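All remarks here apply to the structure that follows.
The values are calculated or read from the model by the stated rules, or taken from the named source; none is laboratory data. All of these numbers come straight from a predicted model, not from anything done at the bench. No Cβ is skipped: glycine too gets one built from the backbone with ideal geometry, and neighbour counts run over all protein chains shown. Protein only, heavy atoms only, side chains kept; ligands, DNA and RNA dropped before computing areas. Shrake-Rupley method; radii C 1.70, N 1.55, O 1.52, S 1.80 Å.
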Amino acid sequence: MIGFEVETLIAILLGVARGATPLVFAAIGELITEKSGVLNLGVEGMMLVGAVAGFIAVVATGSPTLGFFAAMLAGALLASLFAFLVLVLHTNQVASGLALTIFGVGVSAFFGLGYIGTPIKGPQAIHIPVLTDIPVIGPLLFGHDIMVYLAFVLVAATAWFLSKSRWGMILRAVGESHHAAHAIGYPVVMIRFFAILFGGAMCGLAGAYISLIYTPMWAENMTAGRGWIALALVVFATWKPGRALIGAYLFGGVTILQLNVQSLGVDVSAHLMNMLPYIATILVLVLISRDETKIRLNAPACLGKPFRADG
Amino acid sequence: MIRLEPRLAPSRTMVYGAPLLAVVLTLITGAALFSALGYNPLQSLYLFFIQPISDSYGITELLLKATPLTLCAVGLAVGFRGNVWNIGAEGQLTMGAITAGAIAVTWHDSTSSLMIPIMIVAGLAGGMAWAAIPALLKTRFHANEILTSLMLTYVATFFLGYLVNGPLRDPEGFNFPESRMFGDAALLPMLVEESRLHIGALIALFVVILGWVMMARTLIGFQVKVVGLTPLAAHYAGFSPKKVVWMSLLLGGALAGLAGMFEVAGPIGQLQPVISPGYGFTAIIVAFLGRLHPIGILLAALLVALSYLGGETVQMELSLPLAVTGVFQGMLLFFLLACDVLINYRLSIGFKGKTA
Amino acid sequence: MGKLKAALVAATLALGTTAAQAEEPAKFGFVYVSPIGDAGYTYQHDLGRKAIEEKYGDKIKVSFVESVAEGPDSERVIMNYAKSGYKAVFATSFGYMNPTLKVAKKFPKVAFEHATGYKRAANVNTYLARFYEGRYLVGLVAGKMTKSNVIGYVAAFPIPEVVRGINAFTQGIRAVNPDAQVRVIWTNSWFDPGKEREAADTLIGQGADVLNMHADSPATIQAAEDAGVYAIGYNSDLSKFGPKAHLTASVTNWAPYYVKRVEEVMNGTWKGNQDTWDGLKEDMVQVAPFNDAVPQDVRDLVEKAKADIIAGTLHPFAGPVKDNEGKERIPAGSTMSDGDMLGFNWYVEGVVGKLPN
């Protein structure tokens, strides 16, 4: 068998990290939103808006940092529209989320009209002189772009936030039982508002990673369904940030592995292979849900349910 | 400062007034958007909403486009009322298309008049079977049906891709991924000559009426509503939430499967890698726009279908970019969803302190 | 004044309907499968549309609808063109084949042009570019420029058109470098920049130092640029996405065909039931300008082969050609027929792996 040399393996692993990183950002954003009891199906739309905003900012300023901030802002802005609809006007979350995706696809395409085909230079992988040059370990540990590391930091911070911090516990309480949380005196609507905003910002970041680093360009619909995969990952991860990270890398790994197997000439039906992540997610869901007490530990009980302080 | 105050009883005026208000708001913002982009706003709106249905062909096309949306949405709405969140109608539609299409492809030279009835049964069964999976997983393992039905949609799409690339591929089609064309016996009869409007549209209308009667007049409709509104009361009354889950999903799946059958045996006429441009997902929005009421759903489906036709017309006539249409459609949906708040709430404009 | 008016009316009447028709511009409609964008398949068709506009100006009105899903929606768009008095409709994607035929049946006086399909009628023509001729030429470049002798190919769907391109490219490579092999990854999507990027990175990881692609985003070129290897574009000149990596591209030029057909429709000589399969000779297929990295002898080689193909003395699939399992498919002394090429479902020698399904 040709091809599986060390360099190949390193290249594969670097590719896995690049594929997984946008999924990690989007999944963590959605995870926080869902933990507060809100299901936002507009991930794809928010990613696209982030992708185009980040791209436009980089074309205008040349600064990737500003690009990522613009993406977070745009994602949060779109999310605030959703928040207003579901929290203030009490519209249905599923319908509003889907409408948000339709709107996001349109808005991003609209603002991106003048930017299709504009080449930009995205931020490159970091290179730490001595460390990155260590054979094998060097590129694997120190050869990624900055966002790959930030994704890990985000996961750790989110895990800490949810399990250890006071606000994290309040957030979970709101997602678990909004009436109880309200009765204790927590500002349910306010907390959900910020959770939705955070989700939007992270989805925006995920989109910008795609338009600035992964494939530095702007094209309509360029996220090509990754928002939906991020939604699946949240469930696959049973609402735990660490598992979302593992899930994203697993998904990225399976995809890259399938591509490698293909180019080595092994005959596999890509269609049947592509089903596997979704079937796996269903199986995980069944396994964790089987025991009613167990799912209650993880899944926010109020997910998707509207809250009316007066009702 | 503007505040929302709950009404004591839902406003009757607003039940009809809210969607009108939403349409007016959409028209105003749409006109502003179009003129800001340098297009004549009145002409744009005319091309968007009137031109597409200015002749009989346009009307048949509108009804054709609204048919799958209506079918899926009516089925979903029953579940939504009972708090059963099937969002996988897209996958159930695809499965219905696959089962019906597989029959049409296998017996492609059949001239039997039984073909269509058999395919309808197959479409219903295919959609139903696909929806039975989330029902089983929900009732047996408590797995959240929002997520399982969504995942199953992807599985169905890939399965269709596998079939048209392999077992069901047209042997004389130069290896292109699509099935052979269905025989005439496997195509739905037309309602209107020289159009594409098939009898499926009539069946959809029948389903709307049936759905209305069922929810309003029958015990099962009552059970669904009670389980949805107050699960505890339902429990005491002896209604089984599990039964409602099964019933809602099977009904929603069956109707989505039927919509899939209508698409392949109607306007498409063969199996292709993609059967639906997202009807199953759009139907969720349609269900809520129609306030989960079959008649409302019918109207919402017509409006959404019209926005698609209008998007094509403005491109054709004004070269208005598709992106603008997308923004406009998104706005329309938001306004419609948002204005419904006025049924149960009223705007109160009050000042904290009186100032002269 | 009254007399003048009467004279004018009489003159107008005398000129009759021809004058009235001449004032109304003839209308031509285009149906696109994706957004036009800035490069790629639909963009090239739109360049052709612009060429018509430029040539005929006010005499015609050209309109288009982009991102039309293949299936029932496309039939409505084509139908709306036909019944709004359009003279001709250009349906530019394979999936519009059956919808085009259905509409054509109802409008026998409207001219229909369907790209890449195989079904025709009295008022339906099909047209296709001999992309494979361009693929062969860029294959010569790839074969000369590779050092690792591993060449990667990011491909969309395993349909004959794509397989034909892979095979022609490989034939070009092997004509100058019999040791080189081509590895293919299918993305199963016409447009998914992320997946195309992953596929390209994977091929580079496996040692490919020249990449080619049959998909609609420039992600493959970008991947090559970042990894410091070469790449070859398709449909459009993609050099701005990889100034160092982009060696050349096989480009499609629909403008001459569109101008010709519009002219025929305008002067009433348009005929249906015709199949056009034009290539280098008719300028429907072109090779983009070379990168500075391509040495003069390679450029000369390409020019020579191009001249030979145009002259008819060179055919990318001239026998003997073996498939990649060693079986002879095209015997020495014969060339592959157009019909066989249309249904290409095997790999030539030099392509690694098995064709899916």
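When residue B:341 is tested against (1) over 14 Å from the mean Cα position of the chain (by Cα); (2) modelled with pLDDT of 85 or more; (3) open to solvent by less than 20 Å² (accessible area, probe 1.4 Å), only condition (2) is not met. If only residues of the stretch C:333-357 that are out of contact with any Asp or Glu (no Cβ under 8 Å at 6 or more places or on another chain) and of a type in the set (Asp, Glu) are counted, the one that is least open to solvent (accessible area, probe 1.4 Å) is C:338. Would the stretch C:190-208 turn up any residue that is within 11 Å of chain A (Cβ to nearest Cβ), in contact with a strand residue (DSSP E or B) (Cβ under 7 Å, 6 or more places away or on another chain), of a type in the set (Lys, Arg) and touching a residue at least 24 places away in the same chain (Cβ under 8 Å)? Among the residues of the stretch C:190-208, not one is within 11 Å of chain A (Cβ to nearest Cβ), in contact with a strand residue (DSSP E or B) (Cβ under 7 Å, 6 or more places away or on another chain), of a type in the set (Lys, Arg) and touching a residue at least 24 places away in the same chain (Cβ under 8 Å), which makes the answer no.
When residue B:152 is tested against (1) within 11 Å of chain A (Cβ to nearest Cβ); (2) in contact (Cβ under 8 Å) with a residue 12 or more places away in the chain; (3) surrounded by fewer than 17 Cβ atoms within 10 Å (Cβ to Cβ), only condition (3) is not met.
The residues on offer are C:259, C:302, C:298, C:321, and the sole one that is aliphatic (A, V, I, L, M), surrounded by fewer than 18 Cβ atoms within 10 Å (Cβ to Cβ) and not assigned by TED's automatic domain parsing to the domain that holds residue C:55 is C:259. Does residue C:225 meet the test of being open to solvent by 30 Å² or more (accessible area, probe 1.4 Å) and more than 10 Å from chain A (Cβ to nearest Cβ)? No. When you look at residue C:68, is it under 17 Å from the mean Cα position of the chain (by Cα) and either open to solvent by less than 10 Å² (accessible area, probe 1.4 Å) or more than 12 Å from every other protein chain (Cβ to nearest Cβ) (or both), yes or no? Against the criterion (under 17 Å from the mean Cα position of the chain (by Cα) and either open to solvent by less than 10 Å² (accessible area, probe 1.4 Å) or more than 12 Å from every other protein chain (Cβ to nearest Cβ) (or both)), residue C:68 does not qualify. Count of the stretch B:246-294 residues, restricted to those that are open to solvent by 20 Å² or more (accessible area, probe 1.4 Å) and in contact with a Ser or Thr (Cβ under 7 Å, 6 or more places away or on another chain), is 1. Filter the stretch C:65-74 down to the residues that are assigned to a helix (DSSP H, G or I) and of a type in the set (D, E, K, R) and list them by number. Once the filter is applied, which keeps residues that are assigned to a helix (DSSP H, G or I) and of a type in the set (D, E, K, R), the stretch C:65-74 yields only C:73.
If I ask for residues that are at the interface with another protein chain (Cβ under 10 Å from one of its Cβ atoms) and either in a strand (DSSP E or B) or in contact with a Pro (Cβ under 9 Å, 6 or more places away or on another chain) (or both), which ones from the stretch C:75-91 would you list? Scanning the stretch C:75-91 gives C:75, C:76, C:77, C:79, C:80.
Residue A:27 fulfils the conditions (1) open to solvent by less than 10 Å² (accessible area, probe 1.4 Å); (2) over 18 Å from the mean Cα position of the chain (by Cα); (3) within 14 Å of chain B (Cβ to nearest Cβ) except for a single criterion, (2).
Of all the residues in the stretch A:1-22, those that are modelled with pLDDT of 85 or more and either open to solvent by 10 Å² or more (accessible area, probe 1.4 Å) or facing chain C (nearest Cβ under 9 Å) (or both) number 4. Would you check which residues across the stretch A:85-124 are more than 7 Å from chain B (Cβ to nearest Cβ), of a type in the set (S, T, N, Q) and over 20 Å from the mean Cα position of the chain (by Cα) and list them? Selection gives A:118, A:124. Residues of the stretch B:50-67 that are surrounded by fewer than 24 Cβ atoms within 10 Å (Cβ to Cβ), in contact (Cβ under 8 Å) with a residue 40 or more places away in the chain and more than 17 Å from the chain's Cα centre (by Cα): B:51, B:53, B:56, B:57, B:58, B:60.
Residues that are part of a loop (DSSP other than H, G, I, E, B), of a type outside the set (A, V, I, L, M, F, W, C) and facing chain C (nearest Cβ under 9 Å) within the stretch B:263-279 comprise B:269, B:270, B:272, B:273, B:276, B:277, listed in sequence order.
Could we say that residue B:57 is part of a helix (DSSP H, G or I), in contact with a Lys or Arg (Cβ under 9 Å, 6 or more places away or on another chain) and more than 23 Å from residue B:284 (Cα to Cα) here?
yes
Listed by position, the helices (runs of 4 or more DSSP H) inside the stretch A:147-249 whose residues that are under 17 Å from the mean Cα position of the chain (by Cα) and crowded, with 24+ Cβ neighbours inside 10 Å number at least 3 are A:188-208, A:226-236. Among the residues of the stretch C:245-257, are any aromatic (Phe, Trp, Tyr) and in a loop (DSSP other than H, G, I, E, B)? Looking for residues that are aromatic (Phe, Trp, Tyr) and in a loop (DSSP other than H, G, I, E, B), one finds at least one in the stretch C:245-257, hence yes. The criterion of at least 3 residues that are surrounded by fewer than 24 Cβ atoms within 10 Å (Cβ to Cβ) is met by the following strands (runs of 3 or more DSSP E) wholly inside the stretch C:92-185: C:124-129.
Pull up the stretch B:121-143, narrow it to residues that are within 14 Å of chain A (Cβ to nearest Cβ) and out of contact with any helix residue (DSSP H, G or I) (no Cβ under 7 Å at 6 or more places or on another chain), then point me to the one that is surrounded by the fewest Cβ atoms within 10 Å (Cβ to Cβ). The extreme case among them is B:140.
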